[in-house]
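Enquirer: So that we are looking at the same thing, I have put the structure below in structure tokens.
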Amino acid sequence: MAARRRGVRGFDGAVLRAARMRRGMAEEDLGRATGIAASLICAYEDGRRAPEWKTLAAFATALSCAIDELRPGHATTMEDLRCGAGQNQAGAAAAAGLTRSGYAMLENGYTRTLKSDVAAKLASAWNVDKDEVAGAHAAAIQAVGEPAPVLEGAVLDGLAVHFGVSSEALLALARTMQSRTGRNQTEGRSS
């Protein structure tokens, strides 16, 4: 099994190189502006490495561009904002006043509603604007696609504990059952 490449998802080294060259900067110039070794910048540009979120933010600042310009086709997610703040899911959950699994459901777009007070707490913890958190949550919902079964928060956590499975496994089972039910209803109509 291949190891998952660490770093920001959706990063494109060729885009970094193009942005650097548009600014007339050598790898060494970008290195001086960001405090990152030119050899590491070369590895990022060649696709051998992917930068962490804070490094990507430093590149965007030095190149006077938006972070998402260096990740074409990838909207900023709650995971990006959380990792950019150097926080794990448990820390984000504590900052938001949620359980870890409740926060994970929110981050992954399975919880469709982001309460205003939760968005404000996360924005404060991550040192970003509340609208950025809302936008990142909307991107997660869009990535999920179909509506999630009505299993979230305390209900999901309670059922998971009752059945001795993780919240994620229980939600996956509910999705499987939902898709089978949809197929059965469609097959029933065509008979």
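Enquirer: Grab the beta carbon distance between Arg22 and Ala143, set R0 = 22 Å, and tell me the FRET efficiency rounded to 0.05.
Expert: Working from the Cβ atoms, E equals 0.15.
Enquirer: If you fit an axis through the alpha-carbon atoms of helix 13-22 and take the longest principal axis of the Cα set of the chain, what angle between them do you get, 0 to 90°, nearest 10?
Expert: Helix 13-22 and the main axis of the chain meet at about 40 degrees.
Enquirer: Accessible area per residue for the chain in Å², computed with a 1.4 Å probe and the full protein assembly in place, what is it?
Expert: 56
Enquirer: Under the rule of at least 5 residues apart or a separate chain, name every residue whose amide H is placed under 5 Å from the amide H of Arg49.
Expert: Sorted by chain and number, the residues that satisfy this are Tyr44.
Enquirer: Magnitude of the Cβ-charge dipole of the chain, K/R +1 and D/E -1, about the Cα centre, nearest 20 debye?
Expert: 320
Enquirer: Also, I was wondering about something else. Quick one: Karplus J couplings for region 88-105, per residue in order, coefficients 6.51, -1.76, 1.60, θ = phi - 60°, nearest Hz, x for Gly and Pro?
Expert: Once rounded to whole Hz, the list reads 8, 4, 5, x, 5, 4, 4, 5, 8, x, 10, 6, 4, 5, x, 5, 4, 5.
Enquirer: Here's another thing I want to ask about it. Between Val15 and Ser124, what is the FRET efficiency for a Förster distance of 45 Å, r being their Cβ-Cβ separation, to the nearest 0.05?
Expert: Result of the calculation: an efficiency of 0.90.
Enquirer: Mind running the shape call on region 1-100? Use the C-alpha gyration tensor, a ≥ b ≥ c as the square roots of the eigenvalues: rounded below 1.5 for a/c, prolate if a/b tops b/c, oblate otherwise.
Expert: prolate
Enquirer: Helix 116-126: angle to the longest alpha-carbon principal axis of the chain, degrees 0 to 90, nearest 10?
Expert: Rounded to the nearest ten degrees, it is 30.
Enquirer: By how many nm would the segment from Arg48 to His162 grow when fully extended, if each residue of separation counts as 0.36 nm and the alpha-carbon distance is taken off?
Expert: 36.6 nm
Enquirer: Give me the number: length gained by fully extending Leu40 to Asp68, i.e. 0.36 nm times residue separation minus the C-alpha to C-alpha distance, one decimal in nm.
Expert: 8.0 nm
Enquirer: With a cut-off of 16 Å, note down the residues of region 123-145 whose backbone N falls inside the zone around a label point 7 Å from the Cα of Arg112 toward its beta carbon.
Expert: 137-145
The values are calculated or read from the model by the stated rules, or taken from the named source; none is laboratory data. Predicted model, so just to flag it, every value in this text is computed and none were measured. Every residue, glycine among them, receives a Cβ derived from its backbone with ideal geometry; neighbour counts consider all protein chains shown. Heavy atoms of the whole protein, side chains included, go into the accessibility calculation; ligands, DNA and RNA do not. Shrake-Rupley method; radii C 1.70, N 1.55, O 1.52, S 1.80 Å.
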